[in-house]
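The values are calculated or read from the model by the stated rules, or taken from the named source; none is laboratory data. Note that the structure is predicted; figures quoted are calculated from it, not measured. Cβ placement follows ideal geometry from the backbone for every residue including glycine, while neighbour counts extend to all protein chains displayed. Just the protein is used for accessible areas: all its heavy atoms, side chains included, with ligands, DNA and RNA removed. Shrake-Rupley method; radii C 1.70, N 1.55, O 1.52, S 1.80 Å.
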Amino acid sequence: MQNRNEMKLEFDARSINEGFARMAVAAFITGENPTLDEISDIKTAVSEAVTNAIIHGYDNPEQKVMLTCRIEGKKIEIIVEDKGKGIADVKMAMEPFYTTKPELERSGMGFAFMEAFMDEVQVTSTVGEGTRVVMQKKLGA
C-alpha cells in the first residue's frame with residue numbers, strides 16, 4: 001500500500017506566520033525521513049510562497065492564507081493559496097528580479113527560489129480572485 005497523507009492549514013496573512021508554515025510542513029514530512037537538505041529546500045520554498053501571498057496577495061492581515069501538504073509515496077505536494085489581488089502576468093512575475101514592491105526592498109527572487117528548490121512549480125492566478133502555487137518534490141531523487 002502506498003503511503004498517503006494530507007494536512008491543511010489556514011492562517012492570517014501576517015509575516016509572523018511564515019515561520020509557522022515552514023515548521024508545520026517540515027514537521028508533517030518528517031515521517032518520510034527526508035534528508036536535511038530536502039527539509040531545507042522545502043522550508044525555503046514554503047517560505048517564499050507564503051511570503052508572496054502575504055506581501056503581494058493582501059493588504060489586510062486578517063485575510064487568510066491556505067496551505068495544503070500532501071504526501072503520496074515519496075512525492076511531496078505543497079499548495080499555497082490566497083484569495084487576494086491575483087497576478088496580472090504570471091510569466092512576468094516569475095522572472096528573476098521582478099517585483100511589484102521595490103519600496104519594501106523585495107528581491108523579486110521568490111519564484112526563482114521555489115523553482116530552484118522544488119522539482120516542479122505551477123502558478124495559476126486570476127486578478128481580483130487570488131493565486132495558487134503548487135510545488136512538488138520527490139524525496140530521495
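General remarks:
- Net charge over other residues, Cβ less than 13 angstrom from the Cβ of Lys74 (K, R count +1; D, E count -1): 0
- Spatial extent of the chain: Rg and Dmax, with the Cα atoms as the point set, Å: 14.5, 51
- Length-normalised contact order for the chain - Cα pairs under 8 Å, 6+ apart - percent: 28 percent
- Taking Ala27, Ala45, Ala13 in turn, the Gaussian network model of the chain (Cα-Cα springs below 10 Å) assigns the largest fluctuation to Ala27.
- Charge tally in the Cβ shell below 10 Å around Val127, where Lys, Arg are +1 and Asp, Glu are -1, Val127 excluded: -1
- Percentage, to the nearest whole number, of Cα pairs in the stretch 1-79 over 15 Å apart: 53 percent
- The stretch 1-62, accessible surface, carbon-and-sulfur percent (1.4 angstrom probe): 49 percent
- Probe 1.4 Å, accessible area per residue of the chain, Å²: 55 Å²
- For Arg4 and Lys138, the difference between the fully extended length at 0.36 nm per residue and the C-alpha to C-alpha distance is 46.9 nm.
- Whole-Hz ³J(HN,Hα) from phi, Karplus 6.51 cos²θ - 1.76 cosθ + 1.60, for the stretch 41-47, glycine and proline x: 4, 5, 4, 5, 4, 4, 4
- Gained length - Thr35 relative to Thr124, 0.36 nm times residue gap less alpha-carbon distance: 29.1 nm
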